[in-house]
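**Q** The structure is given below, and queries will be raised subsequently.
The values are calculated or read from the model by the stated rules, or taken from the named source; none is laboratory data. Small disclaimer: the values here were computed from a predicted structure and weren't measured. Backbone-built Cβ (ideal geometry, glycine too); neighbour counts: all protein chains shown. Just the protein is used for accessible areas: all its heavy atoms, side chains included, with ligands, DNA and RNA removed. Shrake-Rupley method; radii C 1.70, N 1.55, O 1.52, S 1.80 Å.
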Amino acid sequence: MGRQTRILAFIALLIVFAGTASAVPNITNVIDSPDPVLVNDTTVVDSDVNETNVSCSVDTVLIEIDPPNYAAQNFTMSHISGNTYRYSYTPNETGTFVYRIYANNSIGESARSSLYTFVASENTTANFTRKIKEIEISVEIAASCDGGITFYYAPEFVIRGQHAVFVMMAQNLGNLPQNETTRLVIRDPNGTSLGNYIGLFGQTQTAPGTLVFDSVSTEPEDYRFEFAIWDSSNYSAGNYSATATLNWDSVFDSGNTTESWSSLNSSSNCTNITYDSSTGENRTVCYKTIYNRCQQLQMGDSTDILTSQTSNVTVSNVTNNTATMYANATLSGTMYNFYLFNKTSCSDYCYACISSDESINESTECGYEGDTLTVDSMMYDIQHIDGNGSWLNITQIIESCSFFGHIYNCTLYNVTGTIENDTVANATVANDTISCNVTLICNGDVSVTHRFPIIEEYGNTTKKEPEPEPEPTPEPTPEPTPQPTPEPTPEPTPEPQPEEAGKNESVGQTQIAINIEPIERELSGEQGEWVPAIFNVTNIGDVNVTNIELIPMVMEGWEMKTATVDFIDVNETVNRTLFVKPPIDAPLARYVIPVKAVRGNLTLDMDYFWLTVLEAGNRTRLEIIEAPGSVGIVINTEIKAPILVKNTGKIPLHDIQVRIENAELCLAGFNYTPIDVLGVNETVSVNLFLKAGTDIRKCDATIIASASEKTYAFSDVQISVRAGPGFLPEYPAAVYFPFVLIIVLAILSKIKKSREMQEMEPGAVGTIANILFFLLILVVLYIIFGYLEFVPLF
C-alpha cells in the first residue's frame, strides 16, 4: 500500500471515529458592537462556542480584556442561546482595548481565540480617525515580528582534527524590517561549550564558546546565510551538539502620551526613578507586555520509521497478546529506539514512544498521533502511526516565540522623595501625571540543535573483525604419486569497472569517505566575472565511489557552476574545477565560499575558499562562443572536434590553453592546437583531438579554456564512446527501421496485387499496408529532424 493510500485510509478512519475523538471547543464569529464606542458607553461582545466532541459539552467561556493603561482582566461570558455567549463592557478611558476569548469543556480541554480589538474615544469623529490608526497597528502586531532559522553541517562524520563547516540560513518571517542576530554554540558530550572556531569576517567569539554573528537589518521575507568553521583538533571522539539561535527585534510605532504613574507602575515593569542633576529631571523606563505568541515550526522533512522488529518492552494499558513493534534509527545525529503499542483505548497500534534506551518515560517520551514529544531536549511531532504497527512518520519541530509590548521612557514632574545615589527613594508624584515617549516593539528568538559525531578515522569504526579460529592439526596422509600438471590457460585481465553505488558497503561500517581541499585557499576575481576554484578530490575510504558533485554555496544574486566526478578509485585523487560569479554590483570585500561534495542526498565532505572581489575592469575576458554539445567516438579511435574561442576583453590574451574535466572514463588521450596570442575581438578555432578509451561509456564532461591573464571560459559536452562498425554500419536503430518497413510493405503489396488478380477484395491487407506506409513517412521525418538535431536519435 502506497503512502498516499495509507494517509487517505487514515483520514477515512478519522471521519468514522469522529464521534468519539477528542476535540477542543470551537470559537467562531467573534463580534463587538458598537466599535468604535464612546467612553462610559457599553459595547457588546458576542461569540459562538460549540463543542464538537459528543461526549462532553462547553463548561466555561471567559473573555480577557486588556485596557490601554491598566492590567488585563478576565470576565465570564453569559450563555444567551444556542452556541452564543455574550459580555457587555463599559470602557472608562480612550484608546485601543485588546481582548481574547477562552473556552473550557466538561473534560478539561480548552481553546483560545485570536486577538481582537475595539476602540473607545471621546466623540465619533475622533473615534473613527483613531480606529483606522489602531487597526493598522494591531494588524502589524498580529503578523509582523517573527523569524526562522535552519542549518546543517558537513561532513556527516567529523574525523578528529578535521574542520567542520556549519551553514545557517536566517529568515525574516514578519512583514516589517527587524534587526537579527545569529549565534552558534558547540557543546561536548558533557554539555560544556567549546570554542576553537576559525576566525571569519563578521564573527566574534564570546565566552563560553559562543560564536556571535554581526547584527543585520532585514526586510520582510529576506534571508541570509551565515557560515562557521570549527576545528575539532583539540577534542576527543564522541557525540557533540551544535545549537544555532536567531534573535530578532523590531520597532512598530512610537509617540508621546500622558500616563497615570500609579497605574503604569502597577501594571508594568518599571525601573527605579532616577534623578539627573544636569537637567533636573526625574526619569523612569517601564516595559509592559501586551501579549506573547509561540508557534511550532517543522524542521526539515518528515521521516518514516519502519518498525519491522518486535520487542519485550511494554507500557501501560496495552492490548493483551499484541506485540510491541520496534525499530532502531538515527534522528538529529542521535540513535533512538522507536516503539509502537496496541492500546486498549484504540483497538489498534496508536501509541508511539521514542527513547534512547529501553527505559521509557511515558510522560515525555510517548504519545498519540498529533502529539509532540520532548526527548533529550529535542521536540518531535508524531505525524502518523500505522494501525498495523508497521511504520510511523515523525518530524523534528522547533518552537518560535515572539513577545509584544510597550516601552515607556517617562519624565516625572513634581516628584518628592529622598535622593540616594541618583535614585529617588519613597517617591511620590504630584497629580499622579507623567509624560512618556511610548515605543511599540516586539522581539523573539528561535533555536535549532543538531548532534554530530567525531570519530577517530574512517573505516570499520563500529564493526570489529572476528578473532581467527585456531587451525586444526591436520591428519597425516600418504603423499600421492606426483602427476605432471598442465599449464593453465591465462585468463584475460578484466578492465576495471566503476562499482555500483553502495556495493561492498557493510552494515556498521563507514566505508564511503571523500575528502575535498582547494588547491588555492585564497582567490580573487572581478565583479561580474567567472572565478575558477580547483579542488583536489580524494577517496579516503575503502570502496570506489561514483557520481560525486562539488557544489559551491554562494550568496543570493551570485552564479555558480558545479563540478562532477563520475568515478574515483580507492586512494585516488582527481582535480575538479568549479566556478563562481559575483554580481556586477557585489560589494568589494573578502568572502568565504563553502563547497560541499555530495552523492545523491548524502553530503560526503565540505571545505571552503576565500574570494576577494575586485572592482570590475572588464580588461580580460575569454569566451567559448561555439562548442559541440555532444561528441561520439568509436572505441580506440581518435577524432578532431573544433571549438571557437573569442577575446571579448580590452587587451590581448596569451597562451590559450584547453583542458577537459570528468572525461577520464571515456578518453585515453587528449590534445589541442595551442594559441600563443589572441587579439582583442579576435575569434580563433581550436582543434581538440580526442582519443577514445576501450569501453563503451558516456561522460558528462566540461571543456575549460584559459589564458595566462587568468581569465576563463567553459562549456559542457557529453562524450559517448561506442563500439566500432560490425556487419552493418554504426547507425542509430531508427535508421534501419524504415528499411524493415519497406520490405514489409513490398510483401503486402505483392499479396494485394495477387488478390486483385484473383478479383478478390484487398480487405485487411490493404488497410495494414496503408497504416505501415503512413508509419514509414513518420519514421523518415523523425530521422530527418534527428539529423538536423531538432529531436534526439535513439
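**Q** Could you tell me which of the pairs 596/710; 561/698; 581/640; 581/691; 581/650 are separated by over 28 angstrom between their Cα atoms in the structure shown?
**A** 581/640; 581/691, as the Cα separations exceed 28 Å there.
**Q** Send over a whole-number figure in Å² for the accessible area per residue of region 592-708, probe 1.4 Å.
**A** Accessible surface, normalised per residue, equals 45 Å².
**Q** So, one more: Give the calculated FRET efficiency between residue 744 and residue 685 to the nearest 0.05, with a Förster radius of 45 Å applied to their Cβ-Cβ distance.
**A** Calculated transfer efficiency: 0.45.
**Q** Now for a separate question. Can you send over the carbon and sulfur percentage of the accessible area for region 535-611, probe radius 1.4 Å, protein chains only?
**A** In region 535-611, the share of accessible area belonging to carbon and sulfur is 46 percent.
**Q** What's the extension gain from residue 263 to residue 422 if we count 0.36 nm per residue and subtract their Cα-Cα distance?
**A** 54.9 nm
**Q** Still on this structure, please answer the following. Just to verify a number: FRET efficiency for residue 555 and residue 345, C-beta to C-beta distance, R0 = 45 Å, to 0.05?
**A** 0.25
**Q** In addition: Provide the solvent-accessible area of residue 241, counting protein heavy atoms only and rolling a 1.4 Å probe, rounded to the nearest 10 Å².
**A** Approximately 20 Å² for this residue.
**Q** Sort out for me the Cα centre separation of region 636-685 from region 145-161, rounded to whole Å.
**A** With region 636-685 and region 145-161 each reduced to a Cα centre, they are spaced 41 Å.
**Q** Modelled label-to-label distance, residue 328 and residue 670, 7 Å Cα→beta-carbon offset: nm?
**A** 4.7 nm
**Q** Less than 14 Å Cβ to Cβ from residue 582, Lys/Arg counted +1 and Asp/Glu -1: what total charge do the surrounding residues give?
**A** -3
**Q** Moving on to the next point. Any idea how far the Cα center of region 579-635 sits from the one of region 343-379, in Å?
**A** If you average the Cα positions of each part, the centres end up 48 Å apart.
**Q** Evaluate E = 1/(1 + (r/R0)^6) for residue 644 and residue 700, where r is the Cβ-Cβ distance and R0 equals 22 Å; express this FRET efficiency to the nearest 0.05.
**A** For residue 644 and residue 700, the calculated efficiency is 0.55.
**Q** Rounded if a/c is under 1.5, else prolate if a/b beats b/c, else oblate: with a ≥ b ≥ c from the C-alpha gyration tensor eigenvalues square-rooted, which is region 145-245?
**A** Because a/c hits 1.5 or more and a/b exceeds b/c, region 145-245 counts as prolate.
**Q** So what is the accessible area of region 335-440 per residue, in Å², with the probe set to 1.4 Å?
**A** 42 Å²
**Q** Now for a separate question. Using 0.36 nm per residue of separation minus the Cα-Cα distance, give me the extension gain between residue 569 and residue 70 in nm, one decimal.
**A** Residue separation times 0.36 nm, minus the Cα-Cα distance, leaves 172.2 nm.
**Q** Does anything in region 410-438 have its amide N under 16 Å from the 7 Å Cα→Cβ label point of residue 271, and if so which residues?
**A** The answer is 410-412, 420-425, 436-438, whose backbone nitrogens lie closer than 16 Å to the label point.
**Q** Over region 267-326, average the accessible area per residue using a 1.4 Å probe and give it in Å², no decimals.
**A** Computed with neighbouring chains in place, this is 61 Å² per residue.
**Q** Taking 7 Å along the Cα-to-C-beta vector as the label spot, tell me the residue 625-residue 279 distance in nanometres, rounded to one decimal.
**A** 6.9 nm
**Q** Moving to a separate point now. Could you please report the charge total around residue 311, scoring K, R as +1 and D, E as -1 over all other residues with beta-carbon less than 13 angstrom from its beta-carbon?
**A** -2
**Q** Please compute the net charge surrounding residue 357, taking Lys and Arg as +1 and Asp and Glu as -1 over other residues with Cβ under 12 Å from its Cβ.
**A** -3
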